[in-house]
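A.B. asks: Would you mind keeping the following structure in view while I ask a few things?
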Amino acid sequence: MTDQAEPTMITALARGARCTCPHCGEGQLFRKFLKVADKCNVCGQDLHHHRADDMPAYVVMSIVGHIVVGLVLWTEINYSWPVWLHLTVWLPLTVVLTLALLQPVKGFIAALQWALRMHGFGESRGALAAVAVHS
Ligand SMILES: [Zn+2]
């Protein structure tokens, strides 16, 4: 377990978006693609308190939707692509962007909940600090 100062909100969010532990920034936040690890494998921070639920999917849909729909409208207005070309370009781009953003967005949301001490993160962070002081 590492003995380190609490990170700032911005630091914790950046660590979450990089899919690392919001507390230490070194341990892996995920044990599978979208499964958050129960504990950090470096500092021991409990991570199972997160309750991201469907929020990462909603955020990713909003981001990808704005990008793809904007590009579709822009190309349609400026180049009048045929439908087959739209489907060939935008469907794969939608899938790739969605898969690329899901994990960082979920990490960001889990880190936000950690930084705001939501859903039991406050108690576990207090217990972690107490262990660090006594060890
Ligand atoms: Zn950690």
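A.B. asks: Using a 4.7 Å cut-off between beta carbons, which cysteines in the chain end up with no partner cysteine at all?
C.D. replies: Cys19, each lacking another Cys Cβ under 4.7 Å.
A.B. asks: Express in nm, to one decimal, how much length is gained between Ile10 and Trp74 on full extension, taking 0.36 nm for each residue of separation and deducting their alpha carbon distance.
C.D. replies: Numbers: separation 64, 0.36 × 64 = 23.04 nm, distance 3.39 nm.
Working it through step by step, the gained length comes to 19.7 nm.
A.B. asks: Which FRET efficiency value, to the nearest 0.05, is calculated for Glu26 and Leu116 with the Förster distance at 22 angstrom and r the Cβ-Cβ distance? Kindly include the intermediate steps, with their values, before the conclusion.
C.D. replies: On the way: r = 22 Å, r/R0 = 0.98.
The computed FRET efficiency comes out at 0.50.
A.B. asks: Here's a follow-up. Rank Phe121, Phe33, Phe108 by mean-square fluctuation in a GNM of the chain with C-alpha springs under 10 angstrom and give only the top-ranked residue.
C.D. replies: Highest fluctuation of the listed residues: Phe33.
A.B. asks: Next up: Please list the helices of the chain that count as membrane-span-like by this rule: a mean Kyte-Doolittle hydropathy of at least -0.5 together with Cα atoms stretching 15 Å or more along the helix axis, each helix being a complete DSSP H run.
C.D. replies: Working: long enough: 55-79 (35 Å, 1.37); 83-115 (45 Å, 1.43); 121-134 (20 Å, 0.67).
Flagged H segments are 55-79, 83-115, 121-134.
A.B. asks: Starting from the eigenvalues of the Cα gyration tensor, five times each then square-rooted, give me the equivalent ellipsoid semi-axes of the chain, largest first, whole Å.
C.D. replies: Equivalent-ellipsoid dimensions as semi-axes: 39, 12, 11 Å.
Laboratory data are not the source of any read-out in this text; all were calculated from the coordinates shown. Quick caveat, the model's predicted, so the values are computed rather than measured. In this analysis, Cβ positions are derived from the backbone assuming ideal geometry, glycine residues included, and neighbour counts consider all displayed protein chains.
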